[in-house]
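Down below is the structure, laid out as structure tokens.
Derivation of every value follows stated rules applied to the coordinates shown; laboratory data play no part. Treat the numbers as computed from the prediction; the structure is a model and nothing was measured. Counting neighbours? That spans all protein chains shown, and the Cβs are built from the backbone with ideal geometry, glycine included.
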Amino acid sequence: MKNKSWCCLLKKDYVLSLVIALLIILIISYTINVTSKYEKDIDANEIKTLRVGILPNFKPYCYISDTQTYQGFNIDVLNTIALKYGFNVEFYVIPEHEIMTYLVTDRVDCVLGMDYGYIPKDYIESSVSFFDTKMSIFVKKDNYDIKEIKDLASKRISMQREDPYINKLEDFGNTRIFKADDVDTSLKMLSYGIVDAYVGDKYVSIDYINSDEYSDKIKIILEEDCDWMSSMIFLKQDIELVEIINAGFEKISSDGTLDYVKRKWFGQSVKNKIEIQKFISYLLIISVFFSLAMGIVARINRILKKEVEQRTNDINKEKNLKEAIIDSLMEGLIFIDLNNNIYSENYSALKIMEEDSSILNKNLFDLKNSLLFERDHIEQAKNKRIKFVQLESKLTRDGNSKYIQYNITPVLDNNKLIGLTISFKDITEEKNMMKKIINKDKLESVGRLTAGIAHEIRNPLTSINMYIKLLPEKIDNIIFREQILEDMPKEIKRLNNIIKNLLDYASPNKANKTLLNLYDELGFVLRFLRSQLKDNNIELITNIDKNIDIVFDAQQFKQIIINIVINAIDALKNVNNPQIIISAYKDDSNVCLEICDNGKGISEEEYRNIFEPFFTTKEEGYGLGLSIVTQLVKENNSEIFVDDKYINGAKFIISVPCKT
């Protein structure tokens, strides 16, 4: 049953194909009749003389001979057409780039054989081309470096002295041109290796290439149509002249005159025009095969159509799934073009940016919460094609602060920037939680300092107590009274500074960056930790220049140093000759503070996770100390990292930008 249906389908398609073939034959016959009628209706009696502008250096198409007469293939074709219609032709040499001037000022009626590429097509009408000229590149058969015109850059090429293409190649990529008097000389230069390629007209050169001397040595690698060498242009209003030239060309083509002219100038036999009857026969044969193929193709098309529909459905499902996945992300995601217009969004983006409706096709910086993104970062990402990771911004409105963290990624298509992808998330809760953790850690650090504080307070109290005990005995001693008046205010002031610094450290103040002397600040912190260092027999070595200043929040600096030194003290338990070395140095743009210990060191896994929240190697601890340290360092525009090449223990390095 299926075979029968298939046969019926083929029979129907075959009949349809025959009908199409007959229609084609009728159309061709009608076209022939119309063409013949058109040729008969052409009336050139009104033309007395046709004034033609030419360039006289396009041999063999158009040139001035030694006898100062106009010669060439184009000249003969035009003279033959004029002879057919009984009008005269006058030739005028005109500059190539003044074609329109000569036409508009009526100094010539038309122009033959020039480059018309720069003339607006709205003003001119072209005739048929007298000859399908082709510019070709000839190279040795073993040359595979030159494949197209651009490969001629910086190469040596030979050309005929009068070749019209010389003008196009003289300034092409440092190409060096060797001009010869004829084709044979140009080909000899190529054959002997003097040049890398020969450029010339295909039909002028083909007889030489096919000769025994060159046939096994030279090949053609390119043919480029250049019809402008044998076509004419007229002003739009002179369309009747165009019709006369086209009709005349049709006549000399059909009666064999054109073939004679071609043989005269190109020295080779040219294909005769295919007879209409032979063309129709070939067309019928092709139509039969086409009709058979059409039935098969129709069947295949139906199968392919179903396959395409199925594939389209699959693609749509895949697209919808991807969109659903993107919409389900907790992070906001938008794509902007180079003008900052939004062309993609997801649900989380609308929620984080507090938008009630779609923001597609809107400008990012016209939105109410556009200040969440730094315009400078976005412009830098576009101009420098660089990616920004984990940028943070803060927006305060009606007393409420909102924090977001965002990444900017350039999007390239074939290495061309087409826009930016911005992914972002709301980290307000994380920020608030981190502030609470930092304050809690600060209070815990105060507890660790208790022993050191007690020791620091004991010294001034002891001095004051001593003076009070001696006061009854030496009240009348003038020197004693002067001494007590000098020393007791100092000790009281010392006590006050200790308590003030402790209270300042414990209070949850906002970051307030000031100019600090590194030597003095470290000295104050380490004084409180001295008792813990002494209890653990740890030797403390400092190498700090007294003239190094940094811009940092004083209380946050203390908290950072306490955390790192306390960790070092814990790491030095059960270590022989425990030692902590603190040093600082200054380079061109940063102050580097190094804190080293000679403990057991840090493993590879610990290096990767040491600054992550809740990562700890201690039996008791929450793993938040170094995470808080990292946060505080970042808030002061600084960096902290561990030297993974240090083999004598652990080394922490804090890099602080030099004060400006």
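Some points to look at:
- Legend: calculated FRET efficiency, ASP366 to SER655, from the Cβ-Cβ distance at R0 = 51 Å, rounded to 0.05, equals 0.80.
- By the count of other C-beta atoms within 10 Å, a proxy for reagent exposure, LEU338, LEU391, LEU187 are ordered fewest to most as LEU338, LEU391, LEU187.
- Note on LEU485 and SER603: with the Förster distance fixed at 60 Å, the Cβ-Cβ geometry gives a FRET efficiency of about 0.50.
- Label-to-label distance, nm, for residues given as THR421 and GLU639 (7 Å Cα→Cβ offset): 2.6
- Between the beta carbons of TYR192 and ILE119, assuming R0 = 51 Å, the FRET efficiency works out to 0.80 to the nearest 0.05.
- 3J(HN,Hα) from dihedral phi, the range 169-174, Karplus parametrisation 6.51/-1.76/1.60, rounded to Hz, x for glycine, proline: 10, 4, 9, 8, x, 6
- Cα→Cβ-extended label distance, 7 Å offset, between ILE221 and SER65, nm: 3.8
- Under 5 Å, built H, 5+ apart or other chain: amide partners of GLY200: SER136, PHE138
- Gap separating the Cα centres of the range 171-214 and the range 63-110, nearest whole Å: 29
- Separation between Cα centres of the range 315-389 and the range 125-150, rounded to whole Å: 51
- Ranking of LYS188, LYS317 by neighbouring Cβ atoms within 10 Å, starting from the fewest: LYS317, LYS188.
- The lysine pair count for the range 327-404, using Cα distances under 21 Å and pairs eight or more places apart or on different chains, is 8.
- Going from the residue with the fewest nearby Cβ atoms within 10 Å to the one with the most, HIS97, HIS377 rank HIS97, HIS377.
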